[in-house]
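The values are calculated or read from the model by the stated rules, or taken from the named source; none is laboratory data. Predicted, not measured: the structure shown is a model, and the values here were computed from it. No Cβ is skipped: glycine too gets one built from the backbone with ideal geometry, and neighbour counts run over all protein chains shown. For accessibility, only protein heavy atoms count, side chains too; no ligands or nucleic acids. Shrake-Rupley method; radii C 1.70, N 1.55, O 1.52, S 1.80 Å.
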Amino acid sequence: MKKKTFIRRVLTLIALGLLLSVTIIAPKTGVGAAYTPDMTNGADNFYKSNKVTIKKVTFKNQYNMNVAGNLFIPKGLKKNTKNPAIIVGHPMGAVKEQSANLYATKMAERGFVTLSLDLSFWGESEGQPRNAVSPDIYAEDFSAAVDFLGTRPFVDKDRIGVLGICGSGSFAISAAKIDPRMKAIATVSMYDMGAANRNGLKHSQTLEQRKKILEEAAEQRYVEFTGGKTKYTSGTVHELNENSTAIEREFYDFYRTPRGEFTPKGTSPERTTHPTLTSNVKFMNFYPFEDIETISPRPMLFITGENAHSREFSEDAYKLAAEPKEIYIVPGAGHVDLYDRVNLIPFDKLESFFKENLKKKIRPV
């Protein structure tokens, strides 16, 4: 078997919060055109609310990059008082319009000021090249979001929580380990992007396979350094066939159909969800669960689906975290189900978690 063919087969077997597939296939008519997305259990990614005011905002991170976000403010909020706030991070390879805005809207309806953000290199946030992987900068974006929220006159800087969906769960944890201003941390359908890249799901990837991926990325650096075409990897497949896996179908149903498809201005559907090949290997140096116990005594909540292929990551994090901690299993739910199926997403649980842990503390006189 040729070396490149072998590497491609390896990549298609590993999930990165989306699904690895080194070859990007342009959308075609046929399966995609006839495909009807599964809108059961209240799938409503693009949910809008007349109870919430939305404002587009930008703020700088410490690398002087503009981070774009949507600020959600409950209508009737008393702006002359200090209110609790929640930062919401989108799935890896996605943008704030996919899942993050939905969560931010729903939590704003429940009385929180919320902020969804585009991670650097994605969506409307700055960063070149586009779709680059940089876990350190992703974590910094969460801290920059705290900077922004904590300086709003209607936000209590001592009552800011963070909610990370899929890959952002691991970035939020990485940020919280070094930023004590994040007072309560929740994750939903979390992916440990480091472990997923190093080991694959359920440790299905061998060291030899990992090294071959690193070799291809290293060789590709020469190509791009000398002016060659940028190569992309990972992400969601653009068509389905009889050999498509259950995980490929799960992501396709969200990212490649009207259920959740969103193409930011300035990019193309062919590149959405796909990180650059040469930068994606940086995840192999990413260990978000190292020292996770040091986040204590700040509380952590890990939400995952009973049938989620990513469930192992929430369970691993829960085992390693110190008290107070909780893992919440959603019956019958898969990984992507918790992106947008409002009948399955435990918003009541998230509300009670953040209300309890972001409540105003009575200071001694």
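In order along the range 266-272, the phi-based Karplus estimate (6.51 cos²θ - 1.76 cosθ + 1.60, θ = phi - 60°) of 3J(HN,Hα) comes to x, 10, 9, x, 5, 9, 4 Hz; Gly and Pro are listed as x. Enter the Cα centre distance for the pair the range 59-78 and the range 139-188, rounded to the nearest angstrom. So the separation of the two Cα centres works out to 12 Å.
For Lys60, the residues 5 or more places off, or on other chains, whose built amide H falls under 5 Å of its own are Val67.
Label sites at Asp348 and Arg221, each approximated as a point 7 angstrom past Cα along Cα to Cβ, lie 5.2 nm apart. Here Rg and Dmax of the Cα atoms in Å was computed from the coordinates, and among (i) 18.7, 59; (ii) 21.0, 66; (iii) 19.8, 74 the match is (iii). For Lys79, a cut-off of 19 angstrom between C-alpha atoms picks up these aspartates and glutamates, skipping any fewer than 8 places away in its own chain: Glu109, Asp147, Asp156, Asp158. Residue by residue, the range 97-108 carries 3J(HN,Hα) couplings of 6, 10, 6, 4, 4, 4, 4, 5, 5, 5, 6, 5 Hz when phi is fed to the Karplus relation 6.51 cos²θ - 1.76 cosθ + 1.60 (θ = phi - 60°); x denotes Gly or Pro. Summarising the amide proton neighbourhood of Ile327: residues at separation of 5 or more, or on other chains, whose placed amide H is nearer than 5 Å comprise Phe302.
When only Cα pairs below 8 angstrom with a gap of at least 6 residues are kept, the chain shows a relative contact order of 22 percent. Taking amide hydrogens as placed 1.01 Å from N in the peptide plane, the amide H of Tyr232 sits under 5 Å from those of Leu277, each at least 5 positions away in sequence or on another chain. A Gaussian network model of the chain, with springs between Cα atoms under 10 Å, assigns the largest mean-square fluctuation among Asn80, Asn243, Asn70 to Asn243. Pick from Ala246, Ala175, Ala196: which residue has the top mean-square fluctuation in a GNM of the chain where Cα pairs under 10 Å get a spring? Highest fluctuation of the listed residues: Ala246. For the range 166-183, 3J(HN,Hα) computed residue by residue from phi via the Karplus equation (6.51, -1.76, 1.60; θ = phi - 60°) reads 6, x, 5, x, 6, 6, 5, 5, 4, 5, 5, 4, 10, 10, x, 6, 7, 8 Hz, glycine and proline entered as x.
The alpha-carbon of Lys265 sits under 19 angstrom from the alpha-carbons of these lysines, leaving out residues fewer than 8 places away in its chain: Lys55, Lys56, Lys96. Taking the charge dipole of the chain about its Cα centre, with +1 at Lys and Arg Cβ atoms and -1 at Asp and Glu Cβ atoms, the residue from Gly228, Asn50, Ala100 reaching farthest to the positive side is Asn50.
What shape does the range 70-166 have by the C-alpha gyration tensor, where a ≥ b ≥ c are the square roots of the eigenvalues, rounded means a/c under 1.5, and otherwise prolate means a/b greater than b/c and oblate the rest? In terms of gyration-tensor shape, prolate. Straight-distance candidates among the lysines for linking to Lys82, with alpha-carbon spacing under 16 Å and chain neighbours fewer than 8 residues away dropped: Lys157, Lys183, Lys355, Lys359, Lys360, Lys361. Rounded to the nearest 20, the Cβ-based charge dipole of the chain about its Cα centre (Lys and Arg +1, Asp and Glu -1) stands at 940 debye.
Here each label is just a point 7 Å from Cα along the line to Cβ, and for Lys202 and Lys82 those points are 4.9 nm apart. Comparing Phe142, Ala186, Ala196 along the charge dipole axis of the range 46-203, the residue lying farthest to the positive side is Ala186, per the Cβ-charge model. For the range 29-84, the relative contact order works out to 26 percent when only alpha carbon pairs closer than 8 Å and six or more residues apart are counted. With the full set of protein chains in place, find how many percent of the accessible area of the range 258-365 is carbon and sulfur; take the probe as 1.4 Å. It is 52 percent, rounded to a whole number. For the chain, the longest principal axis of the C-alpha atoms and the axis of helix 246-255 are separated by about 60°.
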